Amino acid sequence: MPANYARYLIGRHRSVEANRHLGWALAFVAGAINAGGFLAVRQYTSHVTGTVSSLADNLALGHRDLVVDAIVGVLSFLAGAICCAVMVNFARRRQLSSEFALPLMLEAALILCFGLMGSRLSEFEGLLVPFTVVLLCFIMGLQNAVVTKLSNSVIRTTHMTGIVTDLGIELGKALYWNRDAQQPPVRASLDRITVLGGLLLAFTLGGVVGAYGFKFVGYVSTVPLALMLAALALVPTWDDMRRLRGGR
């Protein structure tokens, strides 16, 4: 049943398998938003490393307007992560089934807003930065915090640097041949390789879909992503609403 799968995927009680499936789905979303968003706002918004580096470079070059862009981008990403933590802790205190569904529902609403009104939002600037940039950075911070909290920092979906590094380590273990029989063998984790490889593949496929979608359709290409997230998050949220109504 789709409803039961949504509860399994985003419910309060976590499992390694559920984290893996949700991580792959959200990596696809992040790849699509990052690649499609780049065509919309001419900058990547899913990772902070490059933004901080550009801040330093533009500060040295005297490009103060670009320094402000970078600062606002980092603060927007930070605000998204803070918002996620507040929502999850709020739901956790009240023992809601939707503790992870609520921030994903918010993410879906914001992606829908970007998809339906992105062209108009790009005309509004706050602190010299188009509102679309602020919105995308906030979305990415929100999503990264969701996955980090539900997987206890095991899975990340909005940036691939750590994923590729960990994948390389595991592949290095698989290729290493220890001739010393007195030393314990170095064994790679096939399960971890599957998870990491799946995240990288999902992010890449999402990027391709997002880039081509924005190229041929425009902002509205992100609407299916929003609807997918909303469909998954709606079931635990609806369960909580029914439980609260029944309690009254």
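What pairs come up if the first residue lies in the range 210-237 and is closer than 20 Å to TRP24 by Cα, the second is of a type in the set (Val, Ile, Thr) and surrounded by fewer than 20 Cβ atoms within 10 Å (Cβ to Cβ), and their beta carbons are under 7 Å apart, counting only those six or more places apart or on different chains?
none
Hey, can you tell me all the residues within the range 208-233 that are part of a helix (DSSP H, G or I), surrounded by 13 or more Cβ atoms within 10 Å (Cβ to Cβ) and more than 18 Å from the chain's Cα centre (by Cα)?
If the condition is that a residue be part of a helix (DSSP H, G or I), surrounded by 13 or more Cβ atoms within 10 Å (Cβ to Cβ) and more than 18 Å from the chain's Cα centre (by Cα), then TYR212, GLY213, PHE214, TYR219, VAL220 are the ones that fit.
What is the one condition in (1) more than 27 Å from VAL16 (Cβ to Cβ); (2) surrounded by 15 or more Cβ atoms within 10 Å (Cβ to Cβ); (3) modelled with pLDDT of 90 or more that LEU205 does not satisfy?
Failing condition for LEU205: (1).
Of everything in the range 130-145 that's over 12 Å from LEU104 (Cα atoms) and assigned to a helix (DSSP H, G or I), which residue is farthest from the chain's Cα centre (by Cα)?
PHE131
For the range 239-247, check the following and say yes or no: at least one residue is over 20 Å from ALA101 (Cα atoms) and at pLDDT 80 or above.
So far as the range 239-247 goes, no, none of its residues is over 20 Å from ALA101 (Cα atoms) and at pLDDT 80 or above.
List pairs: first in the range 30-50 and closer than 18 Å to SER119 by Cβ and modelled with pLDDT under 80, second part of a helix (DSSP H, G or I) and among the hydrophobic types (A, V, I, L, M, F, W, C), Cβ under 6 Å, 6+ apart or cross-chain?
Listed pairs, sorted by first residue: VAL41/VAL133; THR45/LEU136; THR45/CYS137; THR45/MET140.
Identify all residues within the range 83-113 that are in contact (Cβ under 8 Å) with a residue 24 or more places away in the chain and among the β-branched types (Val, Ile, Thr); write none if there are none.
Of everything in the range 83-113, those that are in contact (Cβ under 8 Å) with a residue 24 or more places away in the chain and among the β-branched types (Val, Ile, Thr) turn out to be VAL88, ILE111.
Just name the residue that is surrounded by the fewest Cβ atoms within 10 Å (Cβ to Cβ) out of those in the range 62-88 that are of a type outside the set (A, V, I, L, M) and modelled with pLDDT of 90 or more.
Pass one, the range 62-88, residues of a type outside the set (A, V, I, L, M): 62-65, 69, 73, 76-77, 80, 83-84.
Checking the rest, the ones that are also modelled with pLDDT of 90 or more come to 76-77, 80, 83-84.
Working: SER76: 22, PHE77: 26, GLY80: 27, CYS83: 17, CYS84: 25.
Per the criteria, the residue is CYS83.
Just checking, which of ALA18, ALA25, ALA6, ALA30 is closer than 21 Å to ALA231 by Cα, part of a helix (DSSP H, G or I), in contact with a His (Cβ under 9 Å, 6 or more places away or on another chain) and among the aliphatic types (A, V, I, L, M)? So that I can check it myself, show each step before the final result.
On the way: ALA18 fails: in contact with a His (Cβ under 9 Å, 6 or more places away or on another chain); ALA25 fails: in contact with a His (Cβ under 9 Å, 6 or more places away or on another chain); ALA6 fails: in contact with a His (Cβ under 9 Å, 6 or more places away or on another chain).
None of the others qualify; the one that does is ALA30.
The values are calculated or read from the model by the stated rules, or taken from the named source; none is laboratory data. Keep in mind that this is a model prediction, so the values were computed, not measured. Note that we place each Cβ from the backbone using ideal geometry, even for glycine, and neighbour counts take in every protein chain shown.
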